[in-house]
Amino acid sequence: MSVIVNPNDKLIGLVDGNNFYVSCERVFRPDLIGKPVAVLSNNDGCLVSRSQEIKDLGIKMGVPAFQIQHLVKQHHIHLLSSNYSLYADLSARMMSVLETFTPTVEVYSIDEAFLDFTDVYACRQDPIAYAKQIKETVQRQVGIPVCVGLGPTKTLAKLANFAAKKWQQTGGVLNLSDQTRREKLMKIVPVDDVWGIGRQLSKQLNPLGIYTVWDLAQQSPQKMQQRFSVVMARTIMELNGISCLDLETIVPDKQQIVCSRSFSRKLTTLQELSPAMAEFACRASEKLRQQHSVTGCATAFLRTNPFAEHEPQYQRAASQKLHYPSQDSRIIAGIVQQLLKEIYRPGYSYQKCGVQLSQIQSHTAPEQLDLFDSQQTLESPQLMQTLDQINRRFPKGIAIATTKIDQTWKPKAENLSQRYTTDWRELVTVYCH
């Protein structure tokens, strides 16, 4: 049943892809529809996306793949390596479709987006019919099943989307603009299912007699702000239909960039670790240049496998401030190599290392120059720009430092699907008989 909303209220929608990574795989593998499918994290480690058939087996998110091998054989579960090229491309296509329904879209993550329908006449007239049209269009044009939640605030739209996914009788679409329906739902949903609350915070709320979303919505925002934070006060106001969170249509620059991976085999020597650390430094520098920023501090870290209890354990990190903020891969990789020598200790089997860039600012931010700093003379924005252009045209065509010397450490991906939409050599083939 559609609800005619007050023309003075906001109308926010949240569109979320169902089991997104698994759904992307099924777009080009329809034989997987109806079968238990899960996508694994880097290095084929843990489950990061599950089909409904996997959820029905009681297998939790984040479970290591090696712990469910007996279930894999018993239920013929399909475990796939993560194919981020495919997921990113289908995500971009889904967001392009959503932009045809309203000009105000906030891409919240790879599989979900907030949409402002406040000034969209067709949606104001019949929100449910409009939401169903969005759902059907995304399914038809991209192949991804989605659910749509509607409400006067972002928090209520998120809650509506949660309910639309959980209860099939909603048909994947729910509008919480109606206060009576909102109250009815809030009284049966646990408080830890509210956006931004989670299990840890709910443990602090339960002793106060707050168990459901409705219990939280009845609290005084001022008193809860004094006890917790302003974020809690905003959540309560949003649950009562008072909008506190605007849509962010321009993605803010990252204030911290981290590149790290687990290795496919144990690394023990400095010579083995050096290429991996150099690659992470170059990748982090590339991300830095993509958002036109520079970094003032680089950190290198490494650790052994914490699950290998029979082996000696070690982890360490070290940071160094740059004399002059930079985005040059050669400078950042050089600093990271120095840090690696400081934190490396022989006699351990290392399982993971990485690079973190912080103190990030715009490359146009004013900075005091140092006439005696040799680092500045090494800077070459034109060289880095050319490097990025070539690598965009020919992915990973040019590498610097020691990144190409040894790549046997790279994470394994034994069940990787094709890059159906981003590589000419792997396009899907259709046969007509």
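The values are calculated or read from the model by the stated rules, or taken from the named source; none is laboratory data. Predicted model only: the values in this text are computed from it and were never measured. Glycine gets a Cβ as well: all are built from the backbone with ideal geometry, and neighbour counts include every protein chain shown. Keep in mind that these areas ignore ligands, DNA and RNA; they rest on the heavy atoms of the full protein, side chains included. Shrake-Rupley method; radii C 1.70, N 1.55, O 1.52, S 1.80 Å.
I'd like the residue in the range 7-29 that is among the charged types (D, E, K, R) and open to solvent by 40 Å² or more (accessible area, probe 1.4 Å) and, out of all such residues, is farthest from GLY151 (Cα to Cα). If you could, list the steps in order and put the result at the bottom.
First pass over the range 7-29, keeping only residues among the charged types (D, E, K, R): 9-10, 16, 25-26, 29.
Subsequent filtering for residues that are open to solvent by 40 Å² or more (accessible area, probe 1.4 Å) retains 9-10, 26, 29.
Numbers: ASP9: 9, LYS10: 8, ARG26: 30, ARG29: 35 Å.
The selected residue is ARG29.
Name the one entry in LYS187, LYS165 that is open to solvent by 20 Å² or more (accessible area, probe 1.4 Å) and not assigned by the TED database to the domain that holds ARG234. Give the steps one after another, and end with the answer.
On the way: LYS187 fails: not assigned by the TED database to the domain that holds ARG234.
When all the criteria are applied, what remains is LYS165.
Output the residues belonging to the range 59-93 that are open to solvent by less than 50 Å² (accessible area, probe 1.4 Å) and not aliphatic (A, V, I, L, M).
Within the range 59-93, GLY62, PRO64, SER81, SER82, ASN83, TYR87, ASP89, SER91 meet the criteria.
Is it fair to say THR104 is more than 24 Å from the chain's Cα centre (by Cα), in contact (Cβ under 8 Å) with a residue 60 or more places away in the chain and open to solvent by 10 Å² or more (accessible area, probe 1.4 Å)? Outline the logic, then answer.
Details: more than 24 Å from the chain's Cα centre (by Cα): no; in contact (Cβ under 8 Å) with a residue 60 or more places away in the chain: yes; open to solvent by 10 Å² or more (accessible area, probe 1.4 Å): yes.
No; evaluated as a whole, the condition is false for this residue.
Quick grid of which residues meet (1) under 22 Å from LYS10 (Cα atoms); (2) among the charged types (D, E, K, R):
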{"residue": "ARG199", "(1), (2)": "no, yes"}
{"residue": "SER202", "(1), (2)": "no, no"}
{"residue": "MET232", "(1), (2)": "yes, no"}
{"residue": "GLN256", "(1), (2)": "no, no"}
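Hey, any hits in the range 256-269 for a residue that's free of Cβ contacts under 8 Å to residues at least 40 places away in the same chain and over 30 Å from GLN359 (Cβ atoms)?
Of all residues in the range 256-269, those free of Cβ contacts under 8 Å to residues at least 40 places away in the same chain come to none.
Scanning the range 256-269, I find no residue that is free of Cβ contacts under 8 Å to residues at least 40 places away in the same chain and over 30 Å from GLN359 (Cβ atoms), so the answer is no.
Looking at the range 64-91, which of its residues are under 15 Å from the mean Cα position of the chain (by Cα) and more than 17 Å from LEU416 (Cβ to Cβ)? First the steps, then the outcome.
At the first step, the residues of the range 64-91 found to be under 15 Å from the mean Cα position of the chain (by Cα) are 82-91.
Across the range 64-91, the qualifying residue is only SER91.
Taking PRO252 and the conditions (1) in contact with a Cys (Cβ under 7 Å, 6 or more places away or on another chain); (2) exposed (fewer than 14 other Cβ atoms within 10 Å of the Cβ), which numbered condition does it fall short on, given that it satisfies the others?
PRO252 satisfies every listed condition except (1).
If you scan the range 334-368, which residues turn out to be among the hydrophobic types (A, V, I, L, M, F, W, C) and closer than 22 Å to SER264 by Cα?
VAL336, LEU340, ILE343, CYS353, VAL355, listed by residue number.
For the range 186-214, which residues satisfy the criterion of being in a loop (DSSP other than H, G, I, E, B) and without any contact (Cβ under 8 Å) to a residue 24 or more places away in the chain? I'd like the intermediate steps shown before the answer.
As a first pass, look at the range 186-214 and keep what is in a loop (DSSP other than H, G, I, E, B): 187-189, 194-197, 209-211.
Within the range 186-214, GLY209, ILE210, TYR211 qualify.
Please specify each residue of the range 31-55 satisfying the condition of being surrounded by fewer than 17 Cβ atoms within 10 Å (Cβ to Cβ), under 24 Å from the mean Cα position of the chain (by Cα) and among the charged types (D, E, K, R).
The one that is surrounded by fewer than 17 Cβ atoms within 10 Å (Cβ to Cβ), under 24 Å from the mean Cα position of the chain (by Cα) and among the charged types (D, E, K, R): LYS55.
If I ask for residues that are within 12 Å of ALA281 (Cα to Cα) and open to solvent by 10 Å² or more (accessible area, probe 1.4 Å), which ones from the range 298-336 would you list? Let's see the steps before the verdict.
Let us first name the residues in the range 298-336 that are within 12 Å of ALA281 (Cα to Cα), namely 298-301, 327-336.
Residues satisfying the conditions are THR299, PHE301, GLN327, ARG330, ILE331, GLY334, ILE335.
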